[in-house]
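Please read the structure below before turning to the comments.
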Amino acid sequence: MRGLLVRRFGAPPEPSEGLTEPERAPGSSLVRMAAVTLGHLDRSVASGTFPRHPEPPYVPCGDGAGHIVESDAFPEGTLVWIRGAGLGVDRDGLAAELVAVPDEALHPAPDGTDPALAACFFSPATSAHLAVHELAGVGAGSRVLVTGAAGAVGSLAVQLARRAGAEVTGLVSRPERAALVPEGTRVLHGDADDGPYDVLIETVGGPGLATRLDAVAPGGVAVVVGYTAGTKLELDLPSRCVHDVDLRFLNMIRRAPQAFALADGLLADLSGGGLSLRVDRRPLADAAAAWADLAAGRARGRVVLELPR
Ligand SMILES: NC(=O)c1ccc[n+]([C@@H]2O[C@H](COP(=O)([O-])OP(=O)(O)OC[C@H]3O[C@@H](n4cnc5c(N)ncnc54)[C@H](OP(=O)(O)O)[C@@H]3O)[C@@H](O)[C@H]2O)c1
């Protein structure tokens with residue numbers, strides 16, 4: 001059986017043949033995979049520095065979609081999106097032709113759903129929704145700055161904030177990324193020092209976040225979602241106290257029940273065109289190049305590896 005293997009921490013996943021065919025245990029289903037997502041969490045796990053990880057060699061990828069082959073819970077042929085049960089984090093993931101998946105991690109998708117979209121929507125769509133609505137409380141007239149607005153979470157945060165009636169500005173690293181921000185959005189690039197904003201939705205992090213916090217008005221809210229541009233930040237605490245911006249952090253592990261409750265509605269919205277998520281489709285065999293593009297910020301949307309049918 002074909003699939004991907006992370007053979008050692010720090011190395012990209014390698015296309016591999018001869019993987020052991022899975023056996024279905026009670027309470028699990030056999031799924032023929034159609035698409036798997038390569039995400040930042042998969043990279044963190046493969047670095048070996050994430051607090052939870054399988055021991056190499058292991059099959060990566062915690063999100064995916066496929067069709068039921070054998071199950072006690074779902075009819076054969078059902079398209080399911082897959083997420084949870086520690087897949088790709090505590091145990092082998094989904095990047096293989098056939099996988100045995102605990103039924104708790106299987107979620108049926110409506111007929112006609114694009115498997116690549118079903119494979120990749122969950123994390124960015126639910127994270128953006130919770131950041132914009134639960135943590136930031138964005139409403140009509142809110143002045144919102146979204147960083148990484150060309151990215152998966154960022155572009156959905158832009159759309160959801162605009163839908164809530166906010167005045168949204170998207171920040172991108174360089175001018176050519178502006179074309180990936182949802183159309184009709186005000187876009188800045190480089191260091192944003194304008195404002196003031198009521199809300200900052202921060203998906204890139206890194207040292208530049210200190211400057212962006214200054215662009216939020218006192219009494220405003222900054223929600224840290226991600227840190228693609230760096231994990232460290234130095235803050236001057238006296239000036240932060242005086243400036244009085246409420247710094248919040250999104251933890252999607254703790255908020256998983258809320259995220260799962262939102263998921264079907266968000267997938268329907270994405271399938272129906274009410275929201276859009278750019279998908280950067282690659283064949284499974286191109287996993288190493290896709291991995292490098294994701295790490296370097298060159299991906300043009302959510303990176304999805306499609307398996308041959
Ligand atoms: N807290 C949580 O529970 C949670 C949940 C979901 C996601 N996340 C995190 O949120 C972040 C964004 O996720 P995403 O799916 O939206 O990612 P993404 O689409 O790959 O990237 C978002 C943006 O980050 C910038 N970027 C990417 N790689 C970079 C690099 N190597 N150096 C500098 N900038 C880089 C890019 O900005 P430009 O386009 O402007 O270059 C990109 O558009 C990730 O860190 C992810 O792990 C966290």
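Among the residues of the stretch 198-213, is there at least one that is of a type in the set (D, E, K, R) and open to solvent by less than 30 Å² (accessible area, probe 1.4 Å)?
yes
Of all residues in the stretch 84-126, how many are on the phi > 0 side of the Ramachandran plot and either assigned by TED's automatic domain parsing to the domain that holds Ala157 or open to solvent by 10 Å² or more (accessible area, probe 1.4 Å) (or both)?
Residues that pass the stated criteria total 4.
If we scan the stretch 20-38, do we find a residue that is among the small types (Gly, Ala, Ser), in contact (Cβ under 8 Å) with a residue 24 or more places away in the chain, part of a loop (DSSP other than H, G, I, E, B) and surrounded by 14 or more Cβ atoms within 10 Å (Cβ to Cβ)?
Taking every residue of the stretch 20-38 in turn, none turns out to be among the small types (Gly, Ala, Ser), in contact (Cβ under 8 Å) with a residue 24 or more places away in the chain, part of a loop (DSSP other than H, G, I, E, B) and surrounded by 14 or more Cβ atoms within 10 Å (Cβ to Cβ).
Which condition breaks for Val221 when tested against (1) modelled with pLDDT under 95; (2) surrounded by 15 or more Cβ atoms within 10 Å (Cβ to Cβ); (3) over 20 Å from the mean Cα position of the chain (by Cα)?
(1)
With the checklist (1) open to solvent by 90 Å² or more (accessible area, probe 1.4 Å); (2) out of contact with any Leu (no Cβ under 9 Å at 6 or more places or on another chain) in hand, flag the one item Phe249 doesn't pass.
Of (1) open to solvent by 90 Å² or more (accessible area, probe 1.4 Å); (2) out of contact with any Leu (no Cβ under 9 Å at 6 or more places or on another chain), only one is false for Phe249: (2).
Given (1) within 15 Å of the ligand (Cβ to nearest atom); (2) hydrophobic (A, V, I, L, M, F, W, C); (3) open to solvent by 10 Å² or more (accessible area, probe 1.4 Å), identify the lone condition not met by Ala164.
Status for Ala164: all satisfied but (1).
Hey, does the stretch 185-204 have a residue that's touching a Phe, Trp or Tyr at 6+ places or on another chain (Cβ under 8 Å), of a type in the set (Ser, Thr, Tyr) and at negative phi?
No - not one qualifying residue is present in the stretch 185-204.
Of the numbered conditions (1) assigned to a loop (DSSP other than H, G, I, E, B); (2) in contact with a Gly (Cβ under 8 Å, 6 or more places away or on another chain), Phe74 satisfies every one except a single condition; which is it?
(2)
Counting only residues that are within 13 Å of the ligand (Cβ to nearest atom) and either out of contact with any Ser or Thr (no Cβ under 8 Å at 6 or more places or on another chain) or closer than 24 Å to Phe50 by Cβ (or both), give me the strands (runs of 3 or more DSSP E) lying completely in the stretch 181-300 with at least 2 of them.
Those strands (runs of 3 or more DSSP E) span 197-202, 216-224, 246-249, 279-283.
The values are calculated or read from the model by the stated rules, or taken from the named source; none is laboratory data. Computed from a prediction, not measured in an experiment: that's the story for all the values here. Using ideal geometry, Cβ is built from the backbone for each residue, glycine included, and neighbour counts are taken over all protein chains shown. The area values use the complete protein model at the heavy-atom level, side chains included, leaving out ligands, DNA and RNA. Shrake-Rupley method; radii C 1.70, N 1.55, O 1.52, S 1.80 Å.
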